[in-house]
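Quick notes on the structure that follows.
The values are calculated or read from the model by the stated rules, or taken from the named source; none is laboratory data. Keep in mind that what you see is a predicted model, and the values were worked out from it rather than measured. Backbone-built Cβ (ideal geometry, glycine too); neighbour counts: all protein chains shown.
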Amino acid sequence: MGPQVFLIAAAMAAAGAMAQAKASSNASKFNARVADNNAVIAEQNAAADESRQRRAADRQLAQTRALVGAAGVTLEGSPLEVLEDQAMEAELDALNIRYGGALQASNYRSQSQLGRSAARSAMTQGYISAGSSLLKGATQYVDAS
């Protein structure tokens, strides 16, 4: 068998490096897809929560208007200011929900980008390791011949 064993070992090491790189790359790509999906879910959940918040605020404002009207108070001056403040706070709550969802989605998208970058890096590292193994085997073959 002789020096050829070095070439066979080098080829096997290179194949192993590429298989490991491919597995790592696939795992990183999968994690990136999961993060992309989570970003969409975060946006959808925030939109649903924002909608629920707006409906709840509308009910609260309607109830307040009804109570003010039932008390015989006109909607001007202080009662009107209270309703306006209530409406403004409700809108801020809804916008904060939307903003929180956007931040969460942005975080997931960043994770996705990191996953894709890790996938590319894994493949690059695999090529480098495989090439290094082949060069080492070739050097050992030449030295042994």
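All told, Ala57 meets the bar of being surrounded by 15 or more Cβ atoms within 10 Å (Cβ to Cβ), under 39 Å from the mean Cα position of the chain (by Cα), farther than 30 Å from Thr124 by Cα and not acidic (Asp, Glu).
Residues of the range 44-71 being of a type in the set (Asp, Glu) and over 17 Å from Glu84 (Cβ atoms), which ones? Reasoning before the result, please.
Start the filter on the range 44-71 by keeping residues that are of a type in the set (Asp, Glu), which leaves 49-50, 58.
Scanning the range 44-71 gives Asp49, Glu50.
Between Ala119, Ala102, Ala90, the distinction of being in contact (Cβ under 8 Å) with a residue 60 or more places away in the chain and out of contact with any strand residue (DSSP E or B) (no Cβ under 9 Å at 6 or more places or on another chain) belongs to Ala119 only. Of the set (1) surrounded by 13 or more Cβ atoms within 10 Å (Cβ to Cβ); (2) among the small types (Gly, Ala, Ser); (3) at positive phi, all apply to Gly72 but (1).
Looking at Glu76, Glu81, which one is modelled with pLDDT under 95, part of a helix (DSSP H, G or I) and among the acidic types (Asp, Glu)? Result: Glu81 is the single residue among Glu76, Glu81 that is modelled with pLDDT under 95, part of a helix (DSSP H, G or I) and among the acidic types (Asp, Glu).
Yes or no: Tyr127 in a helix (DSSP H, G or I), closer than 30 Å to Ala14 by Cα and touching a residue at least 24 places away in the same chain (Cβ under 8 Å)? Break it down into steps so the answer makes sense when it comes.
Values: in a helix (DSSP H, G or I): yes; closer than 30 Å to Ala14 by Cα: yes; touching a residue at least 24 places away in the same chain (Cβ under 8 Å): yes.
So Tyr127 passes the test.
Looking at this structure, is Lys22 surrounded by 15 or more Cβ atoms within 10 Å (Cβ to Cβ) and under 30 Å from Ser132 (Cβ atoms)? When the stated conditions are applied, Lys22 does not pass them. Test Arg109 against the criterion of being in a helix (DSSP H, G or I), closer than 30 Å to Ile8 by Cα and at pLDDT 95 or above, and give yes or no. Taking the combined requirement at face value, the residue does not satisfy it. Is at least one residue of the range 51-74 over 30 Å from Ala9 (Cβ atoms), in contact with a Gly (Cβ under 6 Å, 6 or more places away or on another chain) and aliphatic (A, V, I, L, M)? Checked against the condition, which is being over 30 Å from Ala9 (Cβ atoms), in contact with a Gly (Cβ under 6 Å, 6 or more places away or on another chain) and aliphatic (A, V, I, L, M), the range 51-74 yields no hits at all.
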